[in-house]
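> Here you go, one structure.
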Amino acid sequence: MTTILVTGKTGQVGRELLHALAPLGDVVGCDRTELDLGYPPSILQKIQQVRPNIIVNAAAYTAVDKAEAEPDLALRINGAAPGILAEEAERVGALLIHYSTDYLFDGTCKTPYTEDDTPNPLNVYGKSKLYGERAIIESGCAHLILRTSWVYSSHGSNFVLTILKLAQERSEIAVVDDQIGAPTWARALAEATAAMLSKPFSYNQTNSGVYHLSAAGQTSRYDLAKKIIETAQQLSGNKTGWAKIRPIPTTNYPLPATRPLHVVLSNDTIQRVYGVKMTNWENQLTSCLNDVISTQSN
């Protein structure tokens, strides 16, 4: 039986992967206490113990603003650790799946970014993720690097749940209207990963490389916030007591880490090679919020 090692099992993507990958083999999930990307010996020990056929790295340092004050830690977890995972994958003959980010780009391109576009990260987080990509590629292991964007789920800390919470606590929320991207549901990302791995040629090293994988379509943070509230109202049947969303420019909401203003990823390559077609961000959002509101009402 195929053995699949998943790091970050308690994270947004990791939780969904445990379910999505289950039909494909024996899934071994690890949290930070079992495999700490910041501590290389734990990486080596776990891989030698499990001897997986596939390693799926869903763990990462994701505190974008905090990374500005902790660049060494971000680089160790997002940059050096993926390289170690890749070297061990090569040693045991495993395929490595690694998730990367749209924050590799500077947002100056107004058309969807392709895998051939040159990265130019604006913040420490993006730079650390780029370092990790390069370390994986240089290792020579069989790998699939999946760049995604604006990930959210029904658990953890994310933009969707934050807006949903604040919208029921405040009368008004200011949200930036000049940051454009594609909000991507963690479950859709996990299911797309499983669909890729269900194809035998996934394990062929000739298909190793970087692929963009995010929800179809695009929106602003402001319009996303409005859609979250509108959808929650419809699903819950409660039309009153929700906050009003007020648009502001990014310049009025300064944060430690600079964000790219317009990053939309093209899914053309992954659709052509693997037949994976991601649904529109609005459909994904509705599905996620349906889960959240159903859970709250029970």
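> Tell me, please, whether a residue that is within 23 Å of residue 104 (Cα to Cα) and either touching an Asp or Glu at 6+ places or on another chain (Cβ under 8 Å) or surrounded by fewer than 16 Cβ atoms within 10 Å (Cβ to Cβ) (or both) can be found in segment 238-245.
Among the residues of segment 238-245, not one is within 23 Å of residue 104 (Cα to Cα) and either touching an Asp or Glu at 6+ places or on another chain (Cβ under 8 Å) or surrounded by fewer than 16 Cβ atoms within 10 Å (Cβ to Cβ) (or both), which makes the answer no.
> So which residues in segment 108-124 are among the acidic types (Asp, Glu) and either modelled with pLDDT under 95 or exposed (fewer than 14 other Cβ atoms within 10 Å of the Cβ) (or both), if there are any at all?
116 - this is the single residue of segment 108-124 that is among the acidic types (Asp, Glu) and either modelled with pLDDT under 95 or exposed (fewer than 14 other Cβ atoms within 10 Å of the Cβ) (or both).
> Can you tell me how many residues in segment 1-29 are more than 17 Å from the chain's Cα centre (by Cα) and of a type in the set (D, E, K, R)?
The qualifying residues number 1.
> Something else about it: Since residue 147 meets every condition but one in (1) in contact (Cβ under 8 Å) with a residue 24 or more places away in the chain; (2) part of a helix (DSSP H, G or I), which condition does it not meet?
It fails just one condition, (2).
> Of all residues being more than 21 Å from the chain's Cα centre (by Cα) and hydrophobic (A, V, I, L, M, F, W, C) in segment 90-107, which is surrounded by the fewest Cβ atoms within 10 Å (Cβ to Cβ)? Just the residue, please.
The extreme case among them is 92.
> Can you report the number of residues in segment 261-298 which are farther than 28 Å from residue 67 by Cβ, among the β-branched types (Val, Ile, Thr) and in a loop (DSSP other than H, G, I, E, B)?
Of the residues in segment 261-298, 2 are farther than 28 Å from residue 67 by Cβ, among the β-branched types (Val, Ile, Thr) and in a loop (DSSP other than H, G, I, E, B).
> For residue 28, are the conditions met, namely being within 22 Å of residue 196 (Cβ to Cβ) and outside any helix (DSSP H, G or I)? Please lay out each step first, then the result.
Values: within 22 Å of residue 196 (Cβ to Cβ): yes; outside any helix (DSSP H, G or I): yes.
Yes; evaluated as a whole, the condition is true for this residue.
> Under 23 Å from residue 213 (Cβ atoms) and part of a helix (DSSP H, G or I): which single residue out of 59, 89, 63 fits that description?
Going through 59, 89, 63 in turn, just one is under 23 Å from residue 213 (Cβ atoms) and part of a helix (DSSP H, G or I): 89.
> Quick test for you: out of 259, 272, pick the one residue that is free of Cβ contacts under 8 Å to residues at least 40 places away in the same chain and either under 19 Å from residue 146 (Cβ atoms) or crowded, with 16+ Cβ neighbours inside 10 Å (or both).
That would be 272, the only listed residue that is free of Cβ contacts under 8 Å to residues at least 40 places away in the same chain and either under 19 Å from residue 146 (Cβ atoms) or crowded, with 16+ Cβ neighbours inside 10 Å (or both).
> Can you tell which of 209, 275, 237 is in contact with a strand residue (DSSP E or B) (Cβ under 8 Å, 6 or more places away or on another chain) and at positive phi?
209
> While we're here: Select from segment 237-260 the residues that are part of a loop (DSSP other than H, G, I, E, B) and at pLDDT 95 or above and write down the one among them that is farthest from the chain's Cα centre (by Cα).
Among those residues, the one meeting the criterion is 249.
> Quick check: anything in segment 189-200 charged (D, E, K, R) and modelled with pLDDT of 95 or more?
yes
> A further question on this structure: Name the single residue, out of those in segment 1-25 being part of a helix (DSSP H, G or I) and hydrophobic (A, V, I, L, M, F, W, C), that is farthest from residue 53 (Cα to Cα).
13
> Conditions first: (1) surrounded by 16 or more Cβ atoms within 10 Å (Cβ to Cβ); (2) not in a loop (DSSP other than H, G, I, E, B). Residue 48 passes all but one, so which condition is the exception?
(1)
> Of the conditions (1) more than 17 Å from residue 186 (Cβ to Cβ); (2) at pLDDT 95 or above, residue 298 satisfies every one except a single condition; which number is it?
(2)
> Using the structure shown, decide if residue 59 is under 15 Å from the mean Cα position of the chain (by Cα) and either buried (at least 16 other Cβ atoms within 10 Å of the Cβ) or over 25 Å from residue 149 (Cβ atoms) (or both). Explain how you work it out, then say what you get.
On the way: under 15 Å from the mean Cα position of the chain (by Cα): yes; either buried (at least 16 other Cβ atoms within 10 Å of the Cβ) or over 25 Å from residue 149 (Cβ atoms) (or both): yes.
In short, yes.
> Determine which member of the set 160, 176 is of a type outside the set (Ser, Thr, Tyr), crowded, with 22+ Cβ neighbours inside 10 Å and modelled with pLDDT of 95 or more.
Numbers: 176 fails: crowded, with 22+ Cβ neighbours inside 10 Å.
Only one candidate qualifies: 160.
The values are calculated or read from the model by the stated rules, or taken from the named source; none is laboratory data. Bear in mind the structure is a predicted one, so any value in this text is a computation, not a measurement. Cβ: placed from backbone, ideal geometry, glycine included. Neighbour counts: every protein chain shown.
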